[in-house]
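Take a look at the structure below.
Please treat every number below as a calculation from the coordinates, not as lab data. Quick caveat, the model's predicted, so the values are computed rather than measured. Quick reminder, even Gly has a Cβ in these numbers, built from the backbone with ideal geometry, and neighbours come from all protein chains shown.
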Amino acid sequence: MAFESLSEKLGAVFKKLRGKGRINESDIKEAMREVRLALLEADVGYKVAKDFIAAVSARAMGADVLESLTPAQMVV
């Protein structure tokens with residue numbers, strides 16, 4: 001049940017990112033906030049969620065979306 005909820009919430013985050021040519025900082029912050037909340041609701045440890053969000057955010061900041069990838073795939 002927890003995995004289904006987590007999967008649905010992450011899917012919703014990625015759906016919001018689809019169709020954008022470039023991910024800006026506010027898009028990343030909003031998406032990472034939702035991912036962090038989804039992870040915490042799925043009982044992932046706070047430090048693990050925080051470290052994961054920090055690593056993904058750092059890699060995604062200013063990254064051009066490749067033509068063959070959607071923004072959601074880029075975050076993944």
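Descriptive notes on the structure:
- Taking GLU30, GLU8 and counting other C-beta atoms within 10 Å, the order from fewest to most: GLU8, GLU30
- Residues GLU4 and ASP43, FRET efficiency given R0 of 22 Å [Cβ-Cβ distance, rounded to 0.05]: 0.95
- With semi-axes defined as the square roots of five times the eigenvalues of the C-alpha gyration tensor, the equivalent ellipsoid of segment 6-45 measures 20, 11, 5 Å, largest first.
- Per-peptide average of other Cβ atoms within 10 Å, ordering 35-44, 51-60 highest first: 35-44, 51-60
- The 3J(HN,Hα) values that the Karplus relation (6.51, -1.76, 1.60; θ = phi - 60°) gives for segment 48-55 are, in residue order, 5, 4, 4, 5, 4, 4, 4, 5 Hz. Gly and Pro appear as x.
- Fewest-first ranking of SER7, SER26, using other Cβ atoms within 10 Å as the exposure measure: SER26, SER7
- In Hz, Karplus ³J(HN,Hα) per residue of segment 25-41 (6.51, -1.76, 1.60; θ = phi - 60°; x = Gly, Pro): 4, 5, 4, 5, 4, 5, 5, 5, 5, 5, 5, 4, 4, 5, 5, 5, 5
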